[in-house]
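*Asks:* The structure is given below, and queries will be raised subsequently.
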Amino acid sequence: MIELILGGARSGKSRLAEQRALNSGLPVTYIATATAGDGEMAARIQHHRERRPEHWHLIEEPLHLAARINHHEPEPACLLIDCLTLWVSNWLMENNATEFANARDQLIQALSDTPHRVILVSNETGMGVIPMGNLSRDFVDHSGWLHQRIATMADNVIMTMAGLPLPLKQNGRACFDI
């Protein structure tokens, strides 16, 4: 089962993902993509650590998510990946479009092939002002394209706002008709 949980900053998306992982009844591995580049980010990382159960396994992986999914033991497990937009940022900072494209395609393939339950957390970036800078526009574009690819294959897609889950897709079906 693949779940994508989207939301804005402080929308409750990580807390919802953590609750869903806890309720899965499976051993949980938390795969963190963040790196503590400054004091503010270090404080955010610490806040997340303090909120998680101590028995969860932690893997810090800023770039190679597919390898972590493909080679995870034991089976079955719940993999909680937080967050995809930081992963996109990490790759954009690498400034290697070819390697990023390969990593993105490998991630999609790993999600298709995995026997694990995977919960992916990401920031919805397409609901705000269009950024002026090239790098910012690339970030919004790549994040949006990645969200669309994962949402297509996901069993469940949930948007969070004000701490409330808003289902967009459940059990492989959109929650609304167009």
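The values are calculated or read from the model by the stated rules, or taken from the named source; none is laboratory data. Since we're looking at a predicted model, the values are computed, not measured. FYI the Cβ positions are ideal-geometry reconstructions off the backbone, even for glycines, and counts take in every protein chain you see. Each accessible area value is taken on the protein alone, full model and side chains, heavy atoms only, with ligands, DNA and RNA left out. Shrake-Rupley method; radii C 1.70, N 1.55, O 1.52, S 1.80 Å.
*Asks:* Taking the C-alpha atoms of region 46-139, how large are the radius of gyration and the largest Cα-Cα span, Dmax, in Å?
*Replies:* 14.9, 45
*Asks:* So what is log10(I(q)/I(0)) for region 135-178 at q = 0.18, 0.23, 0.27, 0.31 1/Å, when the Debye sum runs over its Cα atoms only?
*Replies:* -0.63, -0.85, -0.94, -1.00
*Asks:* Taking amide H positions as placed 1.01 Å from N in the peptide plane, with prolines and chain starts having none, which residues 5 or more places from LEU168, or on another chain, fall under 5 Å of its amide H?
*Replies:* VAL157, ILE158, MET159
*Asks:* Determine the relative contact order of the chain: mean sequence separation of Cα pairs under 8 Å and six or more apart, normalised by residue count, in whole percent.
*Replies:* Computed value for the chain: 35 percent relative contact order.
*Asks:* Report the extension gain between ARG15 and SER136 in nm, rounded to one decimal, defined as 0.36 nm multiplied by the number of residues separating them, less their alpha carbon distance.
*Replies:* The ARG15-SER136 span can extend by a further 40.9 nm.
*Asks:* Quick one: Kirkwood hydrodynamic radius for region 101-178, alpha-carbon pairs, angstrom, one decimal?
*Replies:* For region 101-178, the Kirkwood estimate is 14.2 Å.
*Asks:* If the convex hull of the alpha-carbon atoms of region 7-89 is projected onto planes in all directions, what is the mean projected area in square nanometres?
*Replies:* Spelled out: convex hull of the Cα atoms, projected over all directions, averaged, 5.6 nm².
*Asks:* Can you give me the long-range amide H partners of HIS72? Hydrogens built in the peptide plane at 1.01 Å from N, cutoff under 5 Å, separation of 5 or more residues or another chain.
*Replies:* Sorted by chain and number, the residues that satisfy this come to none at all.
*Asks:* Next up: I need to check one value: relative contact order of region 123-178, counting alpha carbon pairs closer than 8 Å and at least 6 residues apart, in percent.
*Replies:* Once normalised by length, the contact order is 21 percent.
*Asks:* Just to verify a number: FRET efficiency for LEU22 and GLU73, C-beta to C-beta distance, R0 = 30 Å, to 0.05?
*Replies:* 0.90
*Asks:* Compute the semi-axes of the equivalent ellipsoid of the chain, taking the square root of 5 times each eigenvalue of the Cα gyration tensor, and list them largest first in whole Å. Before the final figure, lay out the partial values.
*Replies:* Values: eigenvalues 97, 78, 65 Å².
Calculated on Cα positions only, the semi-axes equal 22, 20, 18 Å.
*Asks:* Give, to the nearest whole percent, the P(r) tail of region 94-143 beyond 12 angstrom, counting all Cα pairs.
*Replies:* 74
*Asks:* A further question follows. Counting only heavy atoms of protein chains, what accessible area per residue, in Å², does region 47-132 have with a probe of 1.4 Å?
*Replies:* Accessible area per residue, region 47-132: 54 Å².
*Asks:* Please report, as a whole percent, how much of the solvent-accessible surface of region 1-131 comes from carbon and sulfur atoms (probe radius 1.4 Å).
*Replies:* Reported share for carbon and sulfur atoms: 50 percent.
*Asks:* Would you mind telling me which residue in ALA97, ALA151, ALA77 has the biggest mean-square fluctuation in a Gaussian network model of the chain, where springs connect alpha carbons within a distance under 10 angstrom?
*Replies:* ALA97
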